[in-house]
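S.K.: Here it is: the structure, laid out below.
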Amino acid sequence: MKKLIIINGPNLNLLGKREPNIYGSLSFTEFLEEIKGKYNTIEIAYFQSNVEGELIDKLHEVGFDYDGIVLNAAAYTHTSVGIGDAIKAIDTPVVEVHISNTFGREEFRHQSYISPNAKGVILGFGLQSYELAIQSFL
Ligand code: DQA
């Protein structure tokens, strides 16, 4: 069975409550249940942290074993050399996702330390960005 993991960065634990005009009103737990039901022939693990080092630790932990990583590093996308380096260091391919179209937003969101090391980037499709990333691994 194919093993994928979705890794979410800071503030994404508040999805559904947080700026719903940008990020929608569905919680990630609800969305994940839907996705797990729909793609029930693969294993989809989930990890969320607001702490940069914990995201790096998780990438190291899964990055030699899993078949794919769907990563929304959230605000750390735009700041974290450490997460960018972690993606370079591991074997498992990473697809970078964003709920919003970061290029249509503030200038500081146009920079990504993830993109140069990612297999691909999917952004701007709401929570569907995650589903498109999962499909890219199938
Ligand atoms: C985000 C975009 C980031 O700029 C922002 O900091 C987030 C969420 C997105 O999914 O649209 O927290 O990664």
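The values are calculated or read from the model by the stated rules, or taken from the named source; none is laboratory data. Source: prediction; values computed, not measured. Cβ coordinates were reconstructed from backbone atoms using ideal geometry, including for glycine residues, and neighbour counts include every protein chain displayed. Note: areas computed on protein heavy atoms with side chains; ligands, DNA, RNA excluded. Shrake-Rupley method; radii C 1.70, N 1.55, O 1.52, S 1.80 Å.
S.K.: Counting only helical runs of four or more DSSP H residues, what would the 222 nm mean residue ellipticity of the chain come to if each run contributes -39,500 (n - 2.57) and the total is spread over all its residues? It would help to have the intermediate numbers written out before the result.
M.R.: Working: 5 runs with 44 residues, N = 138.
Counting only the DSSP helices, I get -9000 deg cm²/dmol.
S.K.: Within the stretch 3-136, what whole-number % of the accessible surface is contributed by carbon and sulfur, with the 1.4 Å probe and all protein chains included in the calculation? Don't skip to the answer; put the middle values down first.
M.R.: Numbers: 3160 of 6360 Å².
The C+S portion of the solvent-accessible surface of the stretch 3-136 is 50 percent.
S.K.: Which value in nm describes the separation of the simple spin-label points at VAL81 and MET1, placed 7 Å from the Cα toward the beta carbon?
M.R.: Reported label-point gap for VAL81 and MET1 is 4.1 nm.
S.K.: Now, a different point. Report the charge-dipole magnitude of the stretch 1-134 in Debye, nearest 20, computed about the Cα centre from +1 at each Lys and Arg Cβ and -1 at each Asp and Glu Cβ.
M.R.: Values: 11 positive and 17 negative charges, 52 e Å.
In total the dipole reaches around 240 debye.
S.K.: Counting heavy atoms of the protein chains only and a 1.4 Å probe, report the per residue accessible area for the stretch 3-136 as a whole number of Å².
M.R.: On the way: 6360 Å² over 134 residues.
Per residue, the stretch 3-136 has 47 Å² of solvent-accessible surface.
S.K.: Around GLY68, with a cut-off of 10 angstrom between Cβ atoms, what is the net charge of the other residues, counting Lys and Arg +1 and Asp and Glu -1?
M.R.: On the way: positive: LYS2, LYS3, LYS119; negative: ASP67.
Computed value for this residue: +2.
S.K.: How much length is gained if the chain between THR41 and GLU107 is pulled fully straight, taking 0.36 nm per residue apart and subtracting their Cα-Cα distance, in nm to one decimal?
M.R.: Details: separation 66, 0.36 × 66 = 23.76 nm, distance 3.98 nm.
Stretched fully, the THR41-GLU107 segment lengthens by 19.8 nm.
S.K.: For the stretch 3-136, calculate the relative contact order in percent as a whole number, restricting contacts to Cα pairs under 8 Å that are 6 or more residues apart.
M.R.: 26 percent
S.K.: So for the chain, taking the charge dipole from beta-carbon charges (+1 Lys/Arg, -1 Asp/Glu), which of ASN40, ILE7, THR77 sits furthest toward the positive end?
M.R.: ASN40
S.K.: P(r) for the chain: what percent of alpha-carbon pairs falls in each 10 Å bin, starting at zero?
M.R.: Reading the bins upward from 0: 12, 48, 35, 5, 0.
S.K.: Could you work out how much longer the chain between PHE64 and THR29 gets when fully extended? Use 0.36 nm per residue separation minus the Cα distance between them, nm to one decimal. The partial results should precede the final answer.
M.R.: Numbers: separation 35, 0.36 × 35 = 12.60 nm, distance 2.61 nm.
Extra length from PHE64 to THR29 when fully extended: 10.0 nm.
S.K.: To continue, here is another question. Which links in LYS58/LYS88; LYS17/LYS58; LYS3/LYS36; LYS3/LYS58; LYS2/LYS119 stretch past 22 Å when you go from one Cα to the other?
M.R.: Details: LYS58/LYS88 14 Å; LYS17/LYS58 25 Å; LYS3/LYS36 12 Å; LYS3/LYS58 15 Å; LYS2/LYS119 17 Å.
Distance filter (> 22 Å) returns LYS17/LYS58.
S.K.: Out of all Cα-Cα pairs in the stretch 62-138, roughly what percent, to the nearest whole number, are more than 15 Å apart? Mind showing how you got there, number by number?
M.R.: Working: 1506 of 2926 pairs.
The share of Cα pairs beyond 15 Å in the stretch 62-138 comes to 51 percent.
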